[in-house]
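Reviewing the structure listed below.
The values are calculated or read from the model by the stated rules, or taken from the named source; none is laboratory data. Keep in mind it's a predicted model, so treat the numbers as computed, not measured. Don't worry about glycine lacking a Cβ; one is built from the backbone with ideal geometry, like all the others, and counts go over all protein chains shown. Surface accessibility is based on the protein's heavy atoms, side chains included, excluding ligands, DNA and RNA. Shrake-Rupley method; radii C 1.70, N 1.55, O 1.52, S 1.80 Å.
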Amino acid sequence: MVRIGDLRKSMIISATVRMQVVKKTTTKEGEVVPLDQIDINMDNPVGTNGVFLVSPLIISHVIDKDSPLYQLSATDLQQEDIEVIVVLEGVVETTGITTQARTSYVSEEILWGQRFVPTVSEEDGMYAVDYSKFGNTVKVPTPCCSAKTLDEAGGIAQFKLNEGVTLRSSERRRRGTSVIRRSKKNGQ
């Protein structure tokens, strides 16, 4: 999962998000591809790769049989030389100029078994976005094995049944203080 947001005063319109894994691979013929760029399918809450950044969004990648991360365990991830690249592209509303933001995560920066804390809350009919929580995560019970091994062992339901232990939440915080309020009723 990655969280994206627009902190600009002018909005980004027609925004799209793409993700790729860059890693060393070997073809079936034995050819080594040192910087293989593999597209990652995303599970976008909006339903397409187009996004509307009114508030921060979490973009997820489901690790299934078609995922380039399917065979990686938590230990493998730390030892693997991979990089996940996220690209956000769109048009600056006020100027009509195309803009692009890129970031990447090497294997040491990927947090296994954690998810983002909520940033949007509702009080008295108003939505509040707390950007100070933008990068905060919390630990969640997650198998350390690869998704492939998990599938072969009966899936996540079997893991939860066998695990029987809930992990205490521990929050990882990042600094920030901006809060934006929007009315639920009229969008202001």
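Within the stretch 31-41, is there a residue that is without any contact (Cβ under 8 Å) to a residue 12 or more places away in the chain, under 21 Å from Val106 (Cα atoms), hydrophobic (A, V, I, L, M, F, W, C) and assigned to a strand (DSSP E or B)? Step through it out loud before you land on a result.
Applying the first criterion (without any contact (Cβ under 8 Å) to a residue 12 or more places away in the chain) to the stretch 31-41 yields 31-34.
Those still in the list that are under 21 Å from Val106 (Cα atoms) too: 32-34.
After this cut, where a residue has to be hydrophobic (A, V, I, L, M, F, W, C) as well, the list is 32-33.
Keeping just the survivors that are assigned to a strand (DSSP E or B) gives 32-33.
Scanning the stretch 31-41, I find at least one residue that is without any contact (Cβ under 8 Å) to a residue 12 or more places away in the chain, under 21 Å from Val106 (Cα atoms), hydrophobic (A, V, I, L, M, F, W, C) and assigned to a strand (DSSP E or B), so the answer is yes.
Return the total of residues in the stretch 123-154 being touching a residue at least 12 places away in the same chain (Cβ under 8 Å) and closer than 21 Å to Trp112 by Cα. Step through it out loud before you land on a result.
As a first pass, look at the stretch 123-154 and keep what is touching a residue at least 12 places away in the same chain (Cβ under 8 Å): 125-149, 151.
Right, trim to closer than 21 Å to Trp112 by Cα and you get 133-149, 151.
Number of matching residues: 18.
Only one residue in Val22, Val17 is of a type in the set (A, V, I, L, M), open to solvent by less than 80 Å² (accessible area, probe 1.4 Å) and either under 28 Å from Glu152 (Cβ atoms) or at pLDDT below 90 (or both), so which one is that? Let's see the steps before the verdict.
Values: Val17 fails: either under 28 Å from Glu152 (Cβ atoms) or at pLDDT below 90 (or both).
From the options Val22, Val17, the qualifying one is Val22.
Would you confirm, using the coordinates I've provided, whether Ala128 is open to solvent by 70 Å² or more (accessible area, probe 1.4 Å), outside any loop (DSSP other than H, G, I, E, B), aliphatic (A, V, I, L, M) and modelled with pLDDT of 75 or more? Full working, then the answer.
Working: open to solvent by 70 Å² or more (accessible area, probe 1.4 Å): no; outside any loop (DSSP other than H, G, I, E, B): yes; aliphatic (A, V, I, L, M): yes; modelled with pLDDT of 75 or more: yes.
It is false that Ala128 is open to solvent by 70 Å² or more (accessible area, probe 1.4 Å), outside any loop (DSSP other than H, G, I, E, B), aliphatic (A, V, I, L, M) and modelled with pLDDT of 75 or more.
What is the residue count in the stretch 128-144 for residues that are hydrophobic (A, V, I, L, M, F, W, C) and farther than 27 Å from Phe159 by Cβ?
Filtering the stretch 128-144 down to residues hydrophobic (A, V, I, L, M, F, W, C) leaves 128-129, 134, 138, 140, 144.
Filter again for farther than 27 Å from Phe159 by Cβ, leaving 128-129, 134.
Selection size over the stretch 128-144: 3.
Determine which single condition Ser107 fails, assuming it passes every other condition in (1) within 23 Å of Lys9 (Cα to Cα); (2) among the small types (Gly, Ala, Ser); (3) modelled with pLDDT of 90 or more.
All conditions are met except number (1).
From Arg18, Arg102, which residue is touching a residue at least 40 places away in the same chain (Cβ under 8 Å), under 30 Å from Tyr131 (Cβ atoms), among the basic types (Lys, Arg) and part of a strand (DSSP E or B)? Even if it seems obvious, please write down each step before you answer.
Numbers: Arg102 fails: touching a residue at least 40 places away in the same chain (Cβ under 8 Å).
Matching residue, one of Arg18, Arg102: Arg18.
Does Lys28 satisfy being surrounded by fewer than 15 Cβ atoms within 10 Å (Cβ to Cβ), over 30 Å from Asp130 (Cα atoms) and among the charged types (D, E, K, R)? First the steps, then the outcome.
Details: surrounded by fewer than 15 Cβ atoms within 10 Å (Cβ to Cβ): yes; over 30 Å from Asp130 (Cα atoms): yes; among the charged types (D, E, K, R): yes.
Answer is yes for this residue.
Among the residues of the stretch 3-12, is there at least one that is within 18 Å of the chain's Cα centre (by Cα) and closer than 23 Å to Ala147 by Cβ?
yes
Considering only the stretch 49-105, state which residues are surrounded by fewer than 12 Cβ atoms within 10 Å (Cβ to Cβ) and of a type outside the set (Val, Ile, Thr).
Scanning the stretch 49-105 gives Lys65, Asp66, Gln79, Asp81, Gly96, Gln100, Arg102.
Look at the stretch 133-156 and say how many of its residues are at negative phi and in a loop (DSSP other than H, G, I, E, B). Let's see the steps before the verdict.
If we filter the stretch 133-156 for residues that are at negative phi, which is where we start, we get 133-153, 156.
Add one more test, that the residue is in a loop (DSSP other than H, G, I, E, B), and what stays is 134-136, 140-146, 153.
Selection size over the stretch 133-156: 11.
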